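The values are calculated or read from the model by the stated rules, or taken from the named source; none is laboratory data. Computed from a prediction, not measured in an experiment: that's the story for all the values here. Heads up, the Cβs are rebuilt from the backbone with ideal geometry, glycines too, and the neighbour counts pull from every protein chain shown. Only protein heavy atoms, including side chains, enter the accessible area calculation; ligands, DNA and RNA are left aside. Shrake-Rupley method; radii C 1.70, N 1.55, O 1.52, S 1.80 Å.
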Amino acid sequence: MTEEVRVRYAPSPTGFLHIGNARTAIFNYLFARHAGGKFIIRIEDTDLKRNVEGGEESQLKYLKWLGLEWDESVDVGGEYGPYRQMERLDIYKKYWQELLDKGLAYKCYCTEEELKAERETQMANKQAPHYSGKCRHLTKEQIAQYEAEGRKPTIRFRIPDDQKIEFDDIVKGHVSFNSSDVSDFVIVKQNGVPTYNFAVVVDDHLMKMTHVLRGEEHISNTPKQIMLFHAFGWEPPVFGHMTLIVNEQHKKLSKRDNSIVQFIEQYKNMGFLPEALFNFITLLGWSPKGEEEIFSREDFIKLFDAERLSKSPAMFDKSKLEWMNGQYINQLPADEYVKFTIPYLVDAKLLPAQMSPEQLKWAERVVLLYQEQLHYGAEIVQVSDMFFNKSIVNDDLTKDEEKILSGEQVNDVISSFTDELKSLTEWTAEAIAPKIKVVQKETKQRGWKLYMPIRVVATGSQHGPELPEALELLGRDLVLNRLDHYLDVQKTV
RNA sequence: AGGGCGUUGGGCAAGUGGUUAAGCCAAUGGAUUCUCAUUCCAUGAUCACGGGUUCAAUUCCCGUACGCCUUACCA
């Protein structure tokens, strides 16, 4: 009988969900679902100083938003709980005591200052920073002395000498380390809380994890963890170290990096769709077989194969994300699209929160003009600018626009069009369109020379959506005011 | 400094001991359109460098360079 696949995403609540976290979570989720196994979320909150209020809730919230679901965790329970490490201290204690009893770990009385000084000297001498092993063989007297001084010990794991530590990594292949490359590391801090490297091993074993998929920054922790597994006589899980996500400077995405927006919440607020983000993130460091780029969650579950995880770093390409999100926006049904975009205009105070049915209808039509080209929700504000700028004169013309208005035919076109519009009884795109044709006949102007002057004078810009509909939505008064004003100015010149 | 890992067009990225070295994004040019957008077409790589193994190497091996990660009482 084959063992059920069990994998976990183990965030520390030191911040909000960012792209790197999300990717780790997604890959573990896909790995589990593809194999019909279990996906567990465990909270690694052993760094008391760095835990932030609300970090845990926020992470779970946005994971859910992205479309992930988990089988065991702090919120849904499970038979291997508790799923928060600070609630498992008693469990850890039993295991580190075992190590102490067997002589596989020892107490270290060095102070942080001493260790820091040691490290700095080593660095200054261009040596690898390594704990010296000073407290490896303390005598009873020395210990008594330190205790009398009131020093509180940490517990360090005794690294075996010159041992080859090897493992087959799902993505990196065969990796090997020598135990002497790693120094006796701390497994329990002075405050009695275990360190990451210790707690993970105990938890991964007790929670029966079969695979560990995590970021490449953990690869050097792996030999430490494997040695701990061995010390306990446990079977280590299968490891897979995913490449880092790097920024445009090819540096690992760090939470403080401002060159890139990296929190999922921010993307949500900017108007990125969860499906698009899920799709995009999954293609960061992983690729499926074919040529497709757009996949649903179900597609990914079916296709996911950890063997296809890339070995080289994935660069976060913002423009591709925008393109992809645009694809998803474009596929939105009209009513959903409208509900999705209008709030951005309300937030920008371009629309009131409470709208009359006519106003809402108008807003919906405006917004719909841009569905095809919109990359993200908030972009609607810039892109639909011409419908919210009510000024009669545009005194901020671009060079091209000035050139358009300097044409000889412009006055004829504008005055003819103005007359035609004034005769209109009904102000709709359907009624306006034929009038442009009339002007064409009257002035013998067509194409660019016909449309552009009208566009620039009436809408204030050479760019924009289909002219008749734009004019309808701009409204009769505004359009006629602009045209009249233009003609007035021409007369006085 | 030690250890680990990586290097395919501007970005992502597939792929193979013998191929016209996929595809996507971006850029540029062109076609369509009143413009933007859309759509369509086109353009681009001595597969980091040097050496080896081989009839044959982008693919295998070694070295160099460059880059990144790591060496915490952070995870």
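Remarks
- Selection from the stretch A:164-177 of residues that are surrounded by 13 or more Cβ atoms within 10 Å (Cβ to Cβ) and either outside the structural domain of A:G192 (by TED's automatic domain parsing) or touching a residue at least 60 places away in the same chain (Cβ under 8 Å) (or both): A:I165, A:F167, A:D169, A:I170, A:V171, A:K172
- When residues of the stretch A:463-493 are limited to those that are more than 21 Å from A:A431 (Cα to Cα), out of contact with any Ser or Thr (no Cβ under 7 Å at 6 or more places or on another chain) and not hydroxyl-bearing (S, T, Y), the one nearest to RNA strand B (Cβ to nearest atom): A:H463
- Residue check for A:S180: open to solvent by 20 Å² or more (accessible area, probe 1.4 Å), closer than 23 Å to A:T121 by Cα and within 10 Å of RNA strand B (Cβ to nearest atom): yes
- Enumeration of residues in the stretch A:188-228 that are near RNA strand B (Cβ under 9 Å from one of its atoms) and among the aliphatic types (A, V, I, L, M): A:V188, A:V193, A:A199, A:V200, A:I219
Every residue, every condition in (1) surrounded by 19 or more Cβ atoms within 10 Å (Cβ to Cβ); (2) over 22 Å from A:G475 (Cβ atoms); (3) within 11 Å of RNA strand B (Cβ to nearest atom); (4) basic (K, R), yes or no:
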position	(1), (2), (3), (4)
A:P357	no, no, no, no
A:Q371	no, no, yes, no
A:I380	yes, no, no, no
A:E420	no, no, no, no
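- Test: residue in the stretch A:251-261 that is in contact with a helix residue (DSSP H, G or I) (Cβ under 8 Å, 6 or more places away or on another chain), under 18 Å from A:Y83 (Cβ atoms), open to solvent by 20 Å² or more (accessible area, probe 1.4 Å) and away from RNA strand B (no atom under 12 Å from the Cβ): no
- Look at (1) touching a Phe, Trp or Tyr at 6+ places or on another chain (Cβ under 6 Å); (2) of a type outside the set (F, W, Y); (3) surrounded by fewer than 22 Cβ atoms within 10 Å (Cβ to Cβ) and you find that A:L30 fails only one, number (3).
- In the stretch A:229-242, the residues that are within 14 Å of RNA strand B (Cβ to nearest atom) and either over 31 Å from the mean Cα position of the chain (by Cα) or not aromatic (F, W, Y) (or both): A:G240, A:H241, A:M242
- The set of residues from the stretch A:203-250 being touching a helix residue (DSSP H, G or I) at 6+ places or on another chain (Cβ under 7 Å) and basic (K, R) comprises A:R214, A:K224.
- Applying the set (1) within 22 Å of A:D305 (Cβ to Cβ); (2) within 7 Å of RNA strand B (Cβ to nearest atom); (3) at pLDDT below 90; (4) not polar (S, T, N, Q) to A:I245 leaves exactly one unmet item: (2).
- Helices (runs of 4 or more DSSP H) wholly inside the stretch A:322-387 that include at least 2 residues being under 24 Å from the mean Cα position of the chain (by Cα): A:334-347, A:379-383
- Just one of the listed residues (A:F16, A:F27, A:F31) is within 21 Å of A:L206 (Cα to Cα), in contact (Cβ under 8 Å) with a residue 12 or more places away in the chain and aromatic (F, W, Y), and it is A:F31.
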